[in-house]
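Presented below is the structure to which this report refers.
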């Protein structure tokens, strides 16, 4: 019966999701999106037929596959990339880390030109974000400013590889070692990027990845925290799973061999370990149906990465003649990015501004996005929170006012890239505006 159902699913995919013919100017070119075939549908239906509605066999398979791909020992699935950031940083507040735990008022270095959920966990854990500026060419942290930002209460660094472009990992890891700081890599936009031949996500104490449909692979909603240390894995799972002290897999019990022989806190000796809570945690697990889609997607990841690189490279080559008016992105030295998007800065002396170019592209059905929050310190959400700024945020403001990005995701074809380049070129070549 199951095989007959799955055969029908394949037939349904063939009838329902034929490839749309691209018509320049008529067909929308998104900045991102899910790319899938019949295998994702088959996996999803297969998981649903088990009716195992929480974490199960597919989740275990995806965790193992992700850890193997990255080259780390442990992958802990969660329900979003934002949750991955929250669980990762929260785990560093555990009393089980002794003197190295993060405590309220401790500082975490980050950048103001980024996405809110890289910074929100800092605030949610009553820590203090310290904002520094970025480089315009790479979009990543200015490492000189990062060094200057270290203060007596600085305990961690949490920054993203912007739009898939690795930050200077030599400098940042050296700073973390020098000052005994935790390093959390927000790798949500950079799955498959490398620095000095090594995958991003393997340099920090913890790293996070998002599986939202915009990202390199998707489970719909979902994410993962990566680590090489068993101690961190146990803490991550605790904060993800209600804050429990027990580390048994779902459906298992007495892994520790002393389920009714613990004495923790002020609880009576022998209180059931499955109901002892060592942290103020959450329930942020991924469902097995989501994980099933991720297993199918993981098998396509290498091809997705190559498509992103190819699309980025063709955009870069096509727009190079206009670098006097447009600042184009540069990969960080020693890196090979798995790009999330293609950034364009309209230079201040150009005869047009960002709004005019973005409006033109949108009218031509080429979707655009600004570089996330621009300058987080100017966002209304952070008007009343405590933070510290070190140095100027001049480049961050330039990102806020002059930069945007267009897509490179694997659903974008060579024909679409050609149209994107032609559309930008035609606009830039127009006579000076009144």
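Residues of the stretch 97-120 being over 30 Å from residue 343 (Cβ atoms) and either surrounded by 15 or more Cβ atoms within 10 Å (Cβ to Cβ) or not assigned by TED's automatic domain parsing to the domain that holds residue 81 (or both), which ones? Listed by number, the residues that qualify are 97, 101, 102, 106. The conditions of being modelled with pLDDT of 95 or more, surrounded by 13 or more Cβ atoms within 10 Å (Cβ to Cβ) and assigned to a loop (DSSP other than H, G, I, E, B) are met by residue 93. Of the residues making up the stretch 309-330, not a single one is farther than 30 Å from residue 426 by Cβ and buried (at least 17 other Cβ atoms within 10 Å of the Cβ).
Name the one entry in 118, 138 that is part of a helix (DSSP H, G or I), within 20 Å of residue 203 (Cα to Cα) and modelled with pLDDT of 95 or more. I'd like the intermediate steps shown before the answer.
Values: 138 fails: part of a helix (DSSP H, G or I).
The match here is 118.
Just one of (1) free of Cβ contacts under 8 Å to residues at least 60 places away in the same chain; (2) in a strand (DSSP E or B) fails for residue 104. It is (2).
Please list, ordered by first then second residue, the pairs with beta carbon atoms under 7 Å, 6 or more apart or interchain, first in the stretch 134-153 and in the same structural domain as residue 187 (by TED's automatic domain parsing), second assigned to a loop (DSSP other than H, G, I, E, B) and surrounded by fewer than 17 Cβ atoms within 10 Å (Cβ to Cβ). Between residues of the stretch 134-153 that are in the same structural domain as residue 187 (by TED's automatic domain parsing) and residues that are assigned to a loop (DSSP other than H, G, I, E, B) and surrounded by fewer than 17 Cβ atoms within 10 Å (Cβ to Cβ), the close pairs are 137/330; 138/330; 145/391; 148/391; 153/105. Any idea how many residues of the stretch 69-89 are in a helix (DSSP H, G or I) and either over 13 Å from the mean Cα position of the chain (by Cα) or not assigned by TED's automatic domain parsing to the domain that holds residue 281 (or both)? Counting residues in the stretch 69-89 that are in a helix (DSSP H, G or I) and either over 13 Å from the mean Cα position of the chain (by Cα) or not assigned by TED's automatic domain parsing to the domain that holds residue 281 (or both) gives 4.
The values are calculated or read from the model by the stated rules, or taken from the named source; none is laboratory data. The model shown is predicted, which means the values in this text are computed figures rather than measured ones. Backbone-built Cβ (ideal geometry, glycine too); neighbour counts: all protein chains shown.
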